[in-house]
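Here is the structure we will look at, set down as structure tokens.
The values are calculated or read from the model by the stated rules, or taken from the named source; none is laboratory data. Note that this is a predicted model, so its numbers are computed, not measured. Don't worry about glycine lacking a Cβ; one is built from the backbone with ideal geometry, like all the others, and counts go over all protein chains shown. Accessible surface areas use protein heavy atoms only, side chains included; no ligands, DNA or RNA. Shrake-Rupley method; radii C 1.70, N 1.55, O 1.52, S 1.80 Å.
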Amino acid sequence: MSERDTSGASAAERQRRRSVAILTGLGAFLLVSFLIAFAYIQGWIPPQGGPAQQATGTPSRTPTTCPSVPPAPEPKTVTVNVYNATDRAGLAAATAKTLQDQGFTIGAVTNDPTGKKLDVAAEIRFGKAAAAKADVLAQRFPGAVKVVDDKRTDELVDVAIGAKFAAVAPPPTASPTPTC
């Protein structure tokens, strides 16, 4: 018998059929794998096992949070010294009253001890330990300049009111949600 088998196909035809069958199977496998991966990425297939699954075998429904982002301090935990760095009389007292009404704790209320006359809305002065508290206060003074004093170790925040100050901004309506 020559190179033909009982069905009458030559060796080259059999090789071609095998190649087509293998390539078709491989293509189908890749297509199914892609569809499963796509469905998993889209969330159509929930993850199985691992720490997200409880002992009962049901997925955990607890929301995830960003543990590395601490919440912003409450105004009542921020002690503010209010200084007047302008020629406008009573500005520090009026500003301190507004801040107190917004929940801040008020420390000293006087003219700026540095003697500077500021040409900005406000200057917020603080040490590294009070950086988060200074951020909370800065929300109330749009356009304020923040000044970090590396020598300060206290958690007090000073606000020196400048010539471009108009009014204390109202408290934000909601805290921004951190993104992880």
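Count charges around K151 for me, please; just the other residues with Cβ under 12 Å from its Cβ, Lys/Arg as +1, Asp/Glu as -1. All intermediate terms of the calculation are to be shown ahead of the outcome.
On the way: positive: R125, K128, R152; negative: D149, D150, D154.
Summing Lys and Arg as +1 and Asp and Glu as -1 gives 0.
Probe of 1.4 angstrom, ligands and nucleic acids ignored: what's the accessible area per residue over region 92-151, in square angstrom?
Values: 3100 Å² over 60 residues.
Normalised by residue count, the accessible surface of region 92-151 is 52 Å².
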According to a simple spin-label model (label point 7 Å from Cα along Cα-to-Cβ), what is the distance in nm between F38 and K117? 7.0
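Top to bottom by accessible area (1.4 Å), largest first, where do D154, D112, D119 land? Present the calculation step by step, with values, prior to reporting the outcome.
Values: D154 60, D112 15, D119 105 Å².
These residues rank, largest area first, as D119, D154, D112.
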Which ³J(HN,Hα) values in Hz, rounded to whole numbers, follow from the phi angles of region 22-30 under the Karplus curve 6.51 cos²θ - 1.76 cosθ + 1.60, where θ = phi - 60° and Gly and Pro get x? 5, 5, 5, x, 5, x, 5, 4, 5
